[in-house]
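Participant: Before anything else, here's the structure in question.
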Amino acid sequence: MSPTLLINGAKGRMGHALLQAAQEFNLTVAATADAGDDLAAAMDRADVTVDFSSHLATRQLLELAIAERKPVVIGTTGHAPEAKAQLLKLAAQVPCVWAGNYSVGVNLLFALTRRATAVLGATYDAEVVEMHHRFKKDAPSGTAARLLEIILEERKLGAEALRHGRNGITGERTSAEVGIHSLRGGDVVGDHTVIFAALGERLELTHKASDRAIFAQGALRAARWIVNQPAGVYDMQDVLGLK
Ligand code: NAD
């Protein structure tokens, strides 16, 4: 039996894409919720909650999911790192997929970025560039944040290595820094490029999303998968078997 869904943030751009994708996948949307609605009552009616709303909504959503022992799929981004660390502890008490990007192509980009960082080493300067539509409220994107995490992990660097744009007399670039640049404009659904630049060559890995449907389809795939898993936090690499 396919699980029934609660879509939280249903009136938003992703909410619409999720409603459309649920129809295409023949999944029943048992409830929808948006800001101001009774989330507990909505959660009662569905097997699994799919959340693409606001980072301010995540704590309450997880507390309700724990109380109701319901699985969740979190797509919302924009959590500060310390807040996210606390939220992940809550999320681990229920079956939870939490991914900054639900597209299959981006999840392959994560795997390729890890491999390229390991093979190329620190003599290749790593920079991440992302571009999104003018309405996006957080920067850098959750996907860029994950790409940076992967590079920092592989290079054994801490968050102090990050350079959020550059301005003024910055001095020469050192190998102990990783740059991140967020562009905003128009209706761009989501572009991410990881650049590895050395003296003599440059490798660029680029993903371009042109339709939000890819995130919605991935999130519904995750919803189907998570209802059969024990409590714990999983990502899209787990759902896709890329680990
Ligand atoms: P949006 O602004 O179009 O929609 C957000 C919706 O959430 C709105 O309808 C808003 O009213 C609602 N909302 C706000 N506070 C709420 C609350 N407390 N409870 C319930 N609903 C609330 O934004 P969007 O483009 O649909 O993106 C939503 C989120 O999903 C953002 O954080 C975005 O970065 C993220 N996102 C993630 C992925 C991914 O693959 N993980 C892809 C696209 C977008």
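The values are calculated or read from the model by the stated rules, or taken from the named source; none is laboratory data. Keep in mind that this is a model prediction, so the values were computed, not measured. Because the Cβ atoms are built from the backbone with ideal geometry, glycine has one as well, and the counts that use them run over all protein chains shown. The accessibility values were calculated without ligands, DNA or RNA, using every heavy atom of the protein model including side chains. Shrake-Rupley method; radii C 1.70, N 1.55, O 1.52, S 1.80 Å.
Participant: Among the residues of region 162-181, is there at least one that is among the basic types (K, R) and free of Cβ contacts under 8 Å to residues at least 40 places away in the same chain?
Facilitator: Yes.
Participant: Let me ask something else. Go over the candidates L108, L88, L56, L19 one by one and state the one that is free of Cβ contacts under 8 Å to residues at least 24 places away in the same chain, under 30 Å from V194 (Cβ atoms) and surrounded by fewer than 22 Cβ atoms within 10 Å (Cβ to Cβ).
Facilitator: Just a single option satisfies the conditions, and that option is L56.
Participant: If you don't mind, another one. Restricting to region 111-135, name every residue that is more than 16 Å from I195 (Cβ to Cβ) and assigned to a strand (DSSP E or B).
Facilitator: H132
Participant: Within region 22-35, track down each residue that is of a type in the set (A, V, I, L, M, F, W, C) and open to solvent by 10 Å² or more (accessible area, probe 1.4 Å).
Facilitator: Passing the criteria: F25, L27, V29, A30, A35.
Participant: In region 80-101, which residue that is touching a Leu at 6+ places or on another chain (Cβ under 9 Å) and at pLDDT 95 or above is nearest to H207 (Cα to Cα)?
Facilitator: The selected residue is W98.
Participant: Which helices (runs of 4 or more DSSP H) does region 136-243 wholly contain that include 3 or more residues that are outside the structural domain of T77 (by TED's automatic domain parsing) and open to solvent by 40 Å² or more (accessible area, probe 1.4 Å)?
Facilitator: Those helices (runs of 4 or more DSSP H) span 142-155.
Participant: Going by what's in this entry, would A126 be described as touching a Phe, Trp or Tyr at 6+ places or on another chain (Cβ under 9 Å) and away from the ligand (no atom under 16 Å from the Cβ)?
Facilitator: Against the criterion (touching a Phe, Trp or Tyr at 6+ places or on another chain (Cβ under 9 Å) and away from the ligand (no atom under 16 Å from the Cβ)), A126 qualifies.
Participant: Related question: Which members of region 145-157 meet the condition of being within 11 Å of the ligand (Cβ to nearest atom) and farther than 11 Å from T113 by Cβ? Can you show your working first?
Facilitator: Taking region 145-157 and keeping what is within 11 Å of the ligand (Cβ to nearest atom), we get 145-146.
Within region 145-157, just A145 meets the criteria.
Participant: If we keep just the residues of region 111-121 that are open to solvent by 50 Å² or more (accessible area, probe 1.4 Å) and touching a residue at least 24 places away in the same chain (Cβ under 8 Å), which is farthest from the ligand (Cβ to nearest atom)? Explain how you work it out, then say what you get.
Facilitator: So in region 111-121, the residues open to solvent by 50 Å² or more (accessible area, probe 1.4 Å) come out as 112, 114-115, 118-119.
Still in the list and also touching a residue at least 24 places away in the same chain (Cβ under 8 Å): 112, 114, 118.
Working: L112: 18, R114: 19, A118: 25 Å.
Once the filter is applied, the top-ranked residue is A118.
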